[in-house]
Amino acid sequence: MQRSCRSLSTFLSSNRGFCTSSNGSGNDKIVASVLFERLPVVIPKIDPVVYGFQEFSFRWRQQFRRAYPEEFLKKSDARGKGEYHIDFVPAPRITEADKINDKKSLQRALDRRLYLLLYGDSYGTPKGQDVWNFPEKVYKSEETLRKCAESALESVIGDLSHTYFVGNAPMGHIAMPPSFKRFFFKSQVIATNKVDIKSKDFVWVTKDELLEYFPDHSEYLTKMIIS
């Protein structure tokens with residue numbers, strides 16, 4: 001029985017896919033990458049076809065709506081016209097960052113999701129060759145892969161007080177030949193419109209823009225990133 005338990009333990013440790021040695025001999029390396037996103041700030045524009053259908057539906061329902069008493073309609077018309085009446089002026093959808101195409105600003109593409117890309121060293125690329133990639137860290141001794149991903153993001157933005165990690169499991173992974181796998185975790189910007197980034201260079205890009213940086217993996221990233 002003792003031999004059976006030892007054999008099971010050996011099997012599990014050899015097949016979990018995590019590298020416990022620094023040189024990566026025997027097993028594949030595991031890299032935790034973070035898809036750090038800023039959610040839309042304003043409601044996206046409605047497609048003209050969808051808007052037309054909604055307008056038609058509204059007018060159709062109006063034909064059969066309940067007739068309200070005249071005194072009620074007079075009260076509703078007077079609402080908001082007293083001394084406390086405030087004219088609402090919506091904020092512009094196009095910002096200065098949009099006009100000058102400032103990809104380092106979170107104040108752009110307000111109706112889209114933005115994703116953080118870094119320019120610098122990346123695991124699996126030749127030493128000294130900078131590339132565009134996501135915040136990442138090689139899994140070593142962290143308690144979980146999620147903790148590794150948190151550490152990767154923290155090393156880039158300083159602290160995680162304005163972030164929210166979506167779930168404990170990765171949202172996807174890519175096998176990178178010859179000897180490592182990249183697991184992606186999603187995290188979101190919360191309660192701030194400015195994030196200090198520690199990197200040689202960085203950009204906040206939409207999904208369409210992001211795919212241009214990774215032409216070899218665009219098909220996979222298109223399926224993984226739903227926006």
Go through segment 146-162 and report how many residues are of a type in the set (D, E, K, R) and not in a helix (DSSP H, G or I).
1
Please indicate, with yes or no, whether at least one residue in segment 177-186 is in contact with a helix residue (DSSP H, G or I) (Cβ under 7 Å, 6 or more places away or on another chain), at negative phi and assigned to a loop (DSSP other than H, G, I, E, B).
no
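So if I check each of E143, E83, E71, which one is assigned to a loop (DSSP other than H, G, I, E, B), farther than 20 Å from F214 by Cα and at pLDDT below 75?
Details: E143 fails: at pLDDT below 75; E71 fails: assigned to a loop (DSSP other than H, G, I, E, B).
Selected residue: E83, the only one of E143, E83, E71 that is assigned to a loop (DSSP other than H, G, I, E, B), farther than 20 Å from F214 by Cα and at pLDDT below 75.
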Only one of (1) in a loop (DSSP other than H, G, I, E, B); (2) open to solvent by less than 70 Å² (accessible area, probe 1.4 Å); (3) of a type in the set (S, T, N, Q) does not apply to S218, and that is (1)
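Evaluate the following for Y119: is it within 17 Å of F36 (Cβ to Cβ), more than 17 Å from the chain's Cα centre (by Cα) and not in a loop (DSSP other than H, G, I, E, B)?
yes
Are any residues in segment 124-135 in a strand (DSSP E or B) and open to solvent by 40 Å² or more (accessible area, probe 1.4 Å), and if so, which ones? Before you say what the answer is, go through the steps one by one.
Kept after step one, since they are in a strand (DSSP E or B), are these residues of segment 124-135: 131-133.
If the condition is that a residue be in a strand (DSSP E or B) and open to solvent by 40 Å² or more (accessible area, probe 1.4 Å), then W132 is the only one that fits.
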Conditions first: (1) surrounded by 15 or more Cβ atoms within 10 Å (Cβ to Cβ); (2) in a loop (DSSP other than H, G, I, E, B); (3) without any contact (Cβ under 8 Å) to a residue 60 or more places away in the chain; (4) not aromatic (F, W, Y). H173 passes all but one, so which condition is the exception?
(2)
Take K186 and decide whether it is over 15 Å from the mean Cα position of the chain (by Cα) and within 17 Å of L118 (Cα to Cα).
no
Out of the residues in segment 96-111 meeting the condition of being in a loop (DSSP other than H, G, I, E, B), open to solvent by 70 Å² or more (accessible area, probe 1.4 Å) and out of contact with any strand residue (DSSP E or B) (no Cβ under 9 Å at 6 or more places or on another chain), tell me which one is nearest to I226 (Cα to Cα).
Q107
Of the residues in segment 187-210, those that are in contact (Cβ under 8 Å) with a residue 40 or more places away in the chain and not in a helix (DSSP H, G or I) number 16
If the requirement is being open to solvent by 40 Å² or more (accessible area, probe 1.4 Å), free of Cβ contacts under 8 Å to residues at least 40 places away in the same chain and within 16 Å of K200 (Cβ to Cβ), which of these qualifies: D121, D159?
D121
Subset of segment 45-59 [over 33 Å from the mean Cα position of the chain (by Cα) and hydrophobic (A, V, I, L, M, F, W, C)]
F56, F58
Examine segment 98-112 for a residue that is under 25 Å from D196 (Cβ atoms), in contact with a helix residue (DSSP H, G or I) (Cβ under 6 Å, 6 or more places away or on another chain) and among the small types (G, A, S), and state whether such a residue exists.
yes
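Go through segment 146-177 residue by residue and tally those that are aliphatic (A, V, I, L, M), at pLDDT 95 or above and either touching a strand residue (DSSP E or B) at 6+ places or on another chain (Cβ under 7 Å) or farther than 20 Å from M224 by Cβ (or both).
Our first condition is that a residue be aliphatic (A, V, I, L, M); within segment 146-177, this holds for 149, 152-153, 156-157, 160, 166, 169, 171, 174-176.
Then keep just the ones that are at pLDDT 95 or above; that gives 149, 152-153, 156-157, 160, 166, 169, 171.
Remaining after also requiring either touching a strand residue (DSSP E or B) at 6+ places or on another chain (Cβ under 7 Å) or farther than 20 Å from M224 by Cβ (or both): 149, 152-153, 156-157, 160, 166, 171.
Residues in segment 146-177 being aliphatic (A, V, I, L, M), at pLDDT 95 or above and either touching a strand residue (DSSP E or B) at 6+ places or on another chain (Cβ under 7 Å) or farther than 20 Å from M224 by Cβ (or both): 8 in total.
The values are calculated or read from the model by the stated rules, or taken from the named source; none is laboratory data. The model shown is predicted, which means the values in this text are computed figures rather than measured ones. Using ideal geometry, Cβ is built from the backbone for each residue, glycine included, and neighbour counts are taken over all protein chains shown. For accessibility, only protein heavy atoms count, side chains too; no ligands or nucleic acids. Shrake-Rupley method; radii C 1.70, N 1.55, O 1.52, S 1.80 Å.
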